[in-house]
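So the structure is just underneath, and the comments pick up after that.
The values are calculated or read from the model by the stated rules, or taken from the named source; none is laboratory data. Everything numeric here is computed off the predicted structure, so don't read it as measured data. Cβ atoms come from the backbone with ideal geometry, glycine included; neighbour counts cover every protein chain shown.
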Amino acid sequence: MGAGKAMNALRQNGIFSAHVKPDFAPRAMVLALVIFAHLAIFSLWSTQADTKFSTNNELSVSFALAARVPQASVIRQQKISPAPTPVPAQIAQPAAVAEPVAAVATPAAATAAPVVAVTEPDYKASYLNNPPPAYPMVARRQGLQGRVVLHVEVLADGVCGQINIQKSSGYAMLDNAALQTVKNWRFMPASRAGHAVDKWFMIPIQFSLKDNTA
């Protein structure tokens, strides 16, 4: 029965066919058995080799874990705050008493320099013989009246320097009559500390028809 299976295997593998002559049948059968035996041995060896190879080639990988070192317990040191420095009690200071300030004697004010009086010029002295301004005839006929104020500079020698109209009478003929008269007058000059000096002063002149005088 085993020989029949071997023959069938040989036929399937093309080793034995119907073309084999019958006289070679025993020899061919022996050859087929030998081949089959070799095939079986080879198949068995291949299976064991695969198994062995697989067994030998299987790497056993293992990691040796280091022994866990117990962590040193960390002892937290509690931060100890330094004790507050005792503040010395403030000793009440006695209130400062203001010492009386001695009154400082104020030196007497320096004696003011005496004021030297200045006398005004004079034009009314009788010895001067100053005539009054003439009343213009036209102004008299027209009934013109008014008051003129002249600003006159009297020099130290008693004559008239500059002369200006400080306030007009409102009529030019009356103003001009006053100017022409006063600039020819003679004056007693102003004096300061006994010395004649130049000085400006005012001279009012009134033109009035009531008394027909200036």
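Go through (1) loosely packed, with under 12 Cβ neighbours inside 10 Å; (2) farther than 30 Å from Pro114 by Cβ; (3) at pLDDT 95 or above and name the single condition Asp157 misses.
(2)
Within segment 163-188, how many residues turn out to be under 23 Å from Glu120 (Cβ atoms), part of a loop (DSSP other than H, G, I, E, B) and among the polar types (S, T, N, Q)?
Summing the residues that are under 23 Å from Glu120 (Cβ atoms), part of a loop (DSSP other than H, G, I, E, B) and among the polar types (S, T, N, Q) in segment 163-188 gives 1.
Per-residue answers, yes or no, for (1) of a type in the set (Ser, Thr, Tyr); (2) at pLDDT 95 or above; (3) touching a Pro at 6+ places or on another chain (Cβ under 7 Å):
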| position | (1), (2), (3) |
| --- | --- |
| Thr85 | yes, no, no |
| Ala102 | no, no, no |
| Pro114 | no, no, no |
| Ser126 | yes, no, no |
| Asn164 | no, yes, no |
| Ser169 | yes, yes, no |
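How about segment 189-213: which of its residues are modelled with pLDDT under 90 and not in a loop (DSSP other than H, G, I, E, B)?
The answer is Thr213, and nothing else.
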